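The values are calculated or read from the model by the stated rules, or taken from the named source; none is laboratory data. Computed from a predicted model, the values in this text were never measured in an experiment. Don't worry about glycine lacking a Cβ; one is built from the backbone with ideal geometry, like all the others, and counts go over all protein chains shown.
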Amino acid sequence: MKRFSVLDYRAAIAANLLVFSVAIYAWAILSLDENLYYLTVQEDEYLEWMSFWAFFAAGVIYVRRALRHGFVLSADWFTLGLAAFCLFVAFEEISWGQRIFSYRPPEYFLSENFQQELNLHNLVDTGLRKLAVRVVIFDYGVALPMLMLVPPVGRLAGRLGVVSPSPALMPAFLATGVMQVTYPLKFTGEWIELMLGLCFLFAALAAMRRTDASTETDLRLPAIALAALSVMALGVVSSAVTSFQRDRDPGNVKAAYLELEALKRDFESGRGRNRCGVHKRLYTFVEQYGQRRLLSGDFAQLVAQGLPEQRASYLLDPWNYAYWIRDNCASGERERVTFLYSFGPNQRRESTKWEVRGDDVAVFIRGGDAPEPKRP
């Protein structure tokens, strides 16, 4: 006899509440501190690392399940597919270690991926990407568990090796789907990734349990709590470790200032024309707004002084990551402020909307009262 869920009721409640709490936390910090919210959703912050560890752990658990009694293709193909999906998403999340190891992606990704990162999902049209996420959430996370409750469907799926999330996790998947469809906050996608990662992690833990009522041990609250706490702890630790990881070569910082000054001259000479309110990678700005004259100005001339041609062509900093432009329109008593910047040695954004912070390297090209950061 098949049971409704392999989670006991406390574990099921906890798993769903943990997923709901991600959305609640997002609303809370946005309401309390917009700058903190903005920094939280940036690359390599604890939120991104938590998403990585949730998907990575789910992938590892699915691999273990597929191999637990020796891999049999007819019985374990679906589980192995789930493992591959989770591991792929995990490493896409951190761009396959690009910012960790400071390597330059192949030219195809620099020119075709608007984020100039080594990942595949940003090469796909945004509409198709969102559709794919909805299919995963609603079809796999909600529709499949419901179908598995129909005895003939459940038996057929079992013979085919199809592994469904526990029906008790449907509220968590449904809440994630609602967030994805409504997109109620800025950067909602970053929170959806963690919510979905937790959904897959809890589903993977449940999948490790047998569904034969005579031999099964329920997945209990401590296992859910330990998994969630591990994801949070690893996310915070990974974020802290990568924040202290930096290229200590002072020559790179000096080179970044030299290159940013050249870009500043290109804007001031009229090669680049800024736009109020823009905040983009500089190469994306060039392509989107037809500013290709920036690719043949003072910055490009630095090739004669040793600037690699590929960095010059795609407006990359000495750490092989994008230069950015941020323009803040005049607001109330604030003057308009525009600055060009690099994430600096630790390759993570620490600046806010109006201020250059941390080891970010920046030059101001508009906004007379804005102080330039101290130079090494």
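For the structure I just gave you, tell me whether Asp33 is in contact with a Lys or Arg (Cβ under 8 Å, 6 or more places away or on another chain), assigned by TED's automatic domain parsing to the domain that holds Gly189 and more than 12 Å from Leu194 (Cβ to Cβ). Please lay out each step first, then the result.
Details: in contact with a Lys or Arg (Cβ under 8 Å, 6 or more places away or on another chain): no; assigned by TED's automatic domain parsing to the domain that holds Gly189: yes; more than 12 Å from Leu194 (Cβ to Cβ): yes.
Taking the combined requirement at face value, the residue does not satisfy it.
Condition first: touching a Leu at 6+ places or on another chain (Cβ under 9 Å) and of a type outside the set (A, V, I, L, M). Now tell me which residues in the stretch 80-102 satisfy that.
So the first thing to find is which residues in the stretch 80-102 are touching a Leu at 6+ places or on another chain (Cβ under 9 Å), and the list is 80, 86, 88-89, 92, 95-98.
Scanning the stretch 80-102 gives Cys86, Phe88, Glu92, Ser95, Trp96, Gly97, Gln98.
Considering (1) free of Cβ contacts under 8 Å to residues at least 60 places away in the same chain; (2) surrounded by 19 or more Cβ atoms within 10 Å (Cβ to Cβ); (3) not in a loop (DSSP other than H, G, I, E, B), say which one Val356 fails and leave the rest.
Condition (3) is where Val356 drops out.
One residue is enough: does the stretch 197-220 have a residue meeting the conditions surrounded by fewer than 20 Cβ atoms within 10 Å (Cβ to Cβ), modelled with pLDDT under 95, of a type outside the set (Lys, Arg) and outside any loop (DSSP other than H, G, I, E, B)? Write out each step before concluding.
Residues of the stretch 197-220 that are surrounded by fewer than 20 Cβ atoms within 10 Å (Cβ to Cβ), as a first pass: 208-218, 220.
Checking the rest, the ones that are also modelled with pLDDT under 95 come to 208-218, 220.
Subset that is of a type outside the set (Lys, Arg): 208, 211-218.
With the extra rule that they be outside any loop (DSSP other than H, G, I, E, B), the set shrinks to none.
Checked the stretch 197-220: no residue is surrounded by fewer than 20 Cβ atoms within 10 Å (Cβ to Cβ), modelled with pLDDT under 95, of a type outside the set (Lys, Arg) and outside any loop (DSSP other than H, G, I, E, B).
Search the stretch 55-82 for residues that are touching a residue at least 60 places away in the same chain (Cβ under 8 Å) and pair each with any residue that is surrounded by fewer than 16 Cβ atoms within 10 Å (Cβ to Cβ) and not in a helix (DSSP H, G or I) when their beta-carbon atoms are under 7 Å apart and the residues are at least 6 apart or on different chains.
Short answer, once both residue conditions are applied: Ile61/Met208; Arg65/Met208.
Of these, Pro165, Pro151, which one is touching a helix residue (DSSP H, G or I) at 6+ places or on another chain (Cβ under 7 Å) and of a type outside the set (Phe, Trp, Tyr)? Show your work before the answer.
Numbers: Pro151 fails: touching a helix residue (DSSP H, G or I) at 6+ places or on another chain (Cβ under 7 Å).
Every option except Pro165 fails the conditions.
In the list Ala90, Ala66, Ala58, Ala84, which residue meets the criterion of being within 17 Å of Leu160 (Cα to Cα) and assigned by TED's automatic domain parsing to the domain that holds Leu205? Break it down into steps so the answer makes sense when it comes.
Values: Ala90 fails: within 17 Å of Leu160 (Cα to Cα); Ala58 fails: within 17 Å of Leu160 (Cα to Cα); Ala84 fails: within 17 Å of Leu160 (Cα to Cα).
So the residue among Ala90, Ala66, Ala58, Ala84 that is within 17 Å of Leu160 (Cα to Cα) and assigned by TED's automatic domain parsing to the domain that holds Leu205 is Ala66.
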